[in-house]
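What follows is a set of notes on a single structure, which appears directly below.
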Amino acid sequence: MLEVSAQVEIPNRALFKAAEVCDLVKVQPYVLRSWEAEFPDLGVSKAAGAPRVYRRSDVVQVIRIKHLLLVEGLTLAGARRRIEEETAPVGGDAPMMDALIGQNARERLTAVKRGLQGIFEMLGRAPNGEFRLAAVAPTPSKARATHASKSKTTAKPKRRR
C-alpha cells in the first residue's frame, strides 16, 4: 500500500484555493473534484460562478479521505460511511437531542410526510405533468372533472421546431 504522510503542514489561513489543497495533499485536481461528488460538504463556493475554496477543516478532511483510501484501502463509499460514523452523535446524547428537537417532533415529521405524500399524489395524477395548486385539495373525481373542463377551454400553444 501507499504511505500517506500523517504530518501535512497546513498554513494558518482560513481559506484555500483548490490548487493549493492539491499541492498540500499531493492529489490531482480531478481526484479532488471526484471526492467532492462523494462528500458534498467538502469545499465552499464564495459566490455563484466563483472558484471553489476550501476551509482549513476541509483540508483536514481531504487528508483523512486520502488516508482512508490509500492506507486503509477503503472505497469512496466506505470512506464516506466511516467519516459519517466518526462524526455521528453518540447514543448517550439522545435525551439532549430530544430536548433540542422537542417532544412533538414525531408528530410534526408525520404531518410533513403526509403533506409531501399529498403533493406527490397530486403530481402523479396530473396528465402530462401539469398541475395547479389550490387552497383545498380537490377530491379525485372533482380533480378529473375540473381538469377536463379546463382542457376544453384552454388552447395549447403550438410547439416551434
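Observations, loosely collected:
- Label point distance in nm, E84-N12, each placed 7 Å from Cα along Cα→Cβ: 3.7
- The calculated FRET efficiency for R108 paired with Y30, based on their beta-carbon distance and R0 = 41 Å, is about 0.45.
- The H on the amide N of V53, modeled in the peptide plane, is under 5 Å from the matching H of V44, S45, K46, each at least 5 residues off or on a different chain.
- The magnitude of the dipole of the stretch 15-88, with charges of +1 and -1 set on the Cβ of Lys/Arg and Asp/Glu and taken from the Cα centre, is near 200 debye.
FYI, it's all coordinate maths here, none of it is from the lab. Bear in mind the structure is a predicted one, so any value in this text is a computation, not a measurement. Heads up, the Cβs are rebuilt from the backbone with ideal geometry, glycines too, and the neighbour counts pull from every protein chain shown.
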